[in-house]
Amino acid sequence: MLFALTLALQLSASQPAELAPDAIYDAQIPTLREVLGYDYGEKITAPEEIVVYLRALNQAAPERTRLVEY
């Protein structure tokens, strides 16, 4: 079981995270890796880093997003 978990982690680390298989991704929208340097599930994202990523998403697609600060 430990071997299977290790193998799965090695495979996921070598391949980019795909949140929705068979989806068509917009190349203009930055990935988490492009903005923060790691993929989903590789580490816990600090609240400050989430804000950085949300701002990057808003900047890339302002017509499709709305960032509301409160």
Of those in region 1-58 that are among the hydrophobic types (A, V, I, L, M, F, W, C), surrounded by 10 or more Cβ atoms within 10 Å (Cβ to Cβ) and over 28 Å from E69 (Cα atoms), the residue modelled with the highest pLDDT is A17
Counted residues in region 46-70 being within 17 Å of L36 (Cβ to Cβ) and of a type in the set (K, R) come to 1
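I need the full set of residues from region 28-70 which are part of a helix (DSSP H, G or I) and within 9 Å of the chain's Cα centre (by Cα), in order please.
L32, R33, E34, V35, L36, Y53
The values are calculated or read from the model by the stated rules, or taken from the named source; none is laboratory data. Computed from a predicted model, the values in this text were never measured in an experiment. Every residue, glycine as well, gets a Cβ built from its backbone with ideal geometry; the counts of neighbours run over all protein chains shown.
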